[in-house]
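Peer 1: Next up is a structure, given as structure tokens.
Laboratory data are not the source of any read-out in this text; all were calculated from the coordinates shown. On a predicted model such as this, the values are computed, not experimentally measured, just so you know. When we count neighbours, we look across all protein chains shown, and the Cβ atoms used for this are built from the backbone with ideal geometry, even at glycine.
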Amino acid sequence: MRAAVLHQVKQPLVVEDVDIADPGENEVLVRIAASGVCHSDLHRIHGDFPSPLPMVMGHEGAGVVEALGPGVAGLEVGDHVVLSIGPYCGHCEVCARGKTSLCEVSAQARPLGTLLDGSVRLSKDGEPRSHHSFVSSFAEYAVAPASGAVPIRKDAPLDMAALVGCGVTTGVAAVINDAQVRTGERVAVFGCGGVGLNVVQAAVLAGAEQIVAVDLLDTKLELAGEFGATHLVNASSGDPVEQIRELTRGGVDHAFEVIGSPEVVLQAMRSVAPGGHTYVIGVLPIDTELRLPWYEVMGRRQHLQMAGFEGAQPRADIPRVINLYMAGKLKLDELVSRTFALDEVNEAIGALERGEVARSLVYPDR
Ligand code: PAD
Ligand code: ZN
């Protein structure tokens with residue numbers, strides 16, 4: 001099959017023939033319909049955190065189940081599935097405590113680029129190719145753990161469903177599950193890309209009174225307005241913290257960092273009202289050490305926590321997000337600025353790097 005492979009950091013992906021093995025125990029083979037391009041792909045390409053290379057890239061995909069490995073229950077050939085970046089073993093200590101999204105086996109396998117059993121199904125000329133977050137969707141097919149193949153209704157378009165595999169669910173889960181934003185609260189969203197826009201629209205669903213969108217690009221701010229932000233702040237003109245405090249009468253209840261910048265984490269914390277919360281969704285460079293002005297940001301009983309996909313229960317939340325889209329309550333089509341064929345994947349990556357797109361979709365069958 002054809003797949004887009006990262007051989008070296010800071011180099012273009014190579015679209016090449018890759019061998020894919022049959023699904024193993026509790027695994028499925030999925031024909032990929034489409035794949036979103038997320039900033040977490042860029043972090044790996046830029047080398048912001050180490051990846052086992054060569055790796056088949058892409059981690060936001062959906063498709064159709066083509067074959068079942070031994071032992072798979074609850075899925076059938078022909079099912080439409082969203083591939084989740086958070087599969088789980090169901091047996092480790094953490095799973096046993098009900099926190100399957102933090103599964104230890106999954107957490108150990110992800111940085112190694114393997115599936116849950118510690119081995120890979122991808123190779124070329126007998127040399128292994130690693131999996132990106134159990135998904136590797138810049139490809140015609142993927143073998144994924146069955147616990148990460150979440151069945152969805154068949155009337156939902158599979159390309160839009162792909163977006164729910166990472167970015168959409170991340171933004172929605174951060175607001176609804178992690179922050180539990182309540183009606184009338186004030187929210188700030190730093191970074192209005194493919195994930196941040198979903199934080200904005202989830203805050204609308206939650207009934208936030210004020211939603212302040214912050215970005216460096218007016219094009220992204222315009223989109224944030226269309227997704228329901230009530231105030232738009234361009235961080236390149238003046239201190240966004242002062243503007244947020246003024247707009248929200250003293251600060252927000254919840255600030256979301258959706259960029260991956262240590263400086264912006266501090267801006268987010270400084271824009272929060274006493275007792276408020278800051279959530280870091282952005283992936284910070286792996287060796288980041290945060291310096292907090294202790295009294296200013298923490299002396300007022302503020303909270304700092306990680307948020308994102310791991311706050312989701314994929315088997316419940318992915319179908320829920322799809323239902324909200326199908327009911328017209330969540331925008332997905334509007335997230336997609338451009339579409340590309342698999343051969344054009346490096347153009348898609350360049351467009352995201354240059355800030356030209358909110359999300360783009362890559363179609364392996366074009
Ligand atoms: P994106 O590139 O689509 O959006 C980032 C946005 O931030 C862009 O609109 C930029 O213009 C804007 N921006 C950059 N610098 C600044 C700044 N200093 N001030 C204000 N705005 C700025 O990325 P994305 O939405 O795909 O991903 C955002 C982050 O979230 C990224 O770090 C990604 O790796 C992470 C992520 N985390 C999870 C998770 O589960 N935690 C899941 C998916 C993505
Ligand atoms: Zn992602």
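Peer 1: Which of the listed residues, Val164, Val175, Gly78, is farthest toward the dipole's positive end in segment 43-178, when Lys, Arg count +1 and Asp, Glu count -1 at the beta-carbon?
Peer 2: About the Cα centre, the residue reaching furthest to the positive side is Val175.
Peer 1: Additional query: Using +1 on the beta carbon of Lys and Arg, -1 on that of Asp and Glu, and nothing else charged, what's the dipole of segment 268-343 about the Cα centre, debye to 20?
Peer 2: With only Lys, Arg, Asp and Glu charged at Cβ, the dipole is about 380 debye.
Peer 1: Return the whole-Å distance between the Cα centroid of segment 105-165 and the Cα centroid of segment 2-73.
Peer 2: Centre-to-centre (Cα) distance: 6 Å.
Peer 1: Could you point to the residue in Ala208, Ile20, Ile152 farthest towards the positive end of the chain's charge dipole, with +1 and -1 charges on the Cβ of Lys/Arg and Asp/Glu respectively?
Peer 2: Among Ala208, Ile20, Ile152, the one farthest towards the positive end of the dipole of the chain is Ala208.
Peer 1: Shape of segment 35-173 from its Cα gyration tensor (a ≥ b ≥ c, root eigenvalues): rounded if a/c is under 1.5, otherwise prolate when a/b > b/c, or oblate?
Peer 2: Rounded.
Peer 1: Have a look at Asp19, Asp239, Asp48 and tell me which one the Gaussian network model of the chain (Cα, springs below 10 Å) gives the largest fluctuation.
Peer 2: Asp239
Peer 1: Over 23 Å between C-alpha atoms is what I'm after, so list which of Lys220/Lys329; Lys99/Lys220; Lys99/Lys331 land there.
Peer 2: Result: Lys99/Lys220; Lys99/Lys331 exceed 23 Å.
Peer 1: For Ala255, which sequence-distant residues (separation of 5 or more, or a different chain) have an amide H within less than 5 Å of its own amide H, given hydrogens modelled in the peptide plane?
Peer 2: Ala188, His277, Thr278, Tyr279
Peer 1: When Rg is the radius of gyration of the Cα atoms in segment 124-282 and Rh is its Kirkwood radius, what does Rg/Rh come to?
Peer 2: 1.06
Peer 1: Ranked highest first by average number of other Cβ atoms within 10 Å, how do 20-26, 288-294, 240-246 line up?
Peer 2: Top to bottom by mean Cβ count within 10 Å: 240-246, 20-26, 288-294.
Peer 1: For the chain, set up a Gaussian network in which alpha carbons nearer than 10 Å are linked by springs, and say which option among Arg182, Arg315, Arg354 fluctuates the most.
Peer 2: Its mean-square fluctuation being the largest, the pick is Arg354.
Peer 1: Now for a different question. Calculate the all-directions average of the projected area of the chain's alpha-carbon convex hull, and give it in nm².
Peer 2: Across all orientations, the chain yields a mean hull projection of 17.0 nm².
Peer 1: Next up: Run the simple label-point estimate for Val9 and Glu242 please: 7 Å along Cα→C-beta, distance reported in nm.
Peer 2: 3.7 nm
Peer 1: Charges only on Cβ, +1 for Lys and Arg, -1 for Asp and Glu: so what's the dipole of the chain about the Cα centre, in debye to the nearest 20?
Peer 2: Charge dipole of the chain: 920 debye, to the nearest 20.
Peer 1: Another question, if that's okay. Given points 7 Å out from each Cα along the Cα-Cβ axis, report the Lys329 to Lys154 separation in nanometres with one decimal.
Peer 2: Result for the modelled spin labels: 2.6 nm.
Peer 1: Specify the residue with the greatest mean-square fluctuation among Asp117, Asp317, Asp125, computed from a Gaussian network of the chain linking alpha-carbon atoms under 10 Å apart.
Peer 2: Highest fluctuation among the options: Asp125.
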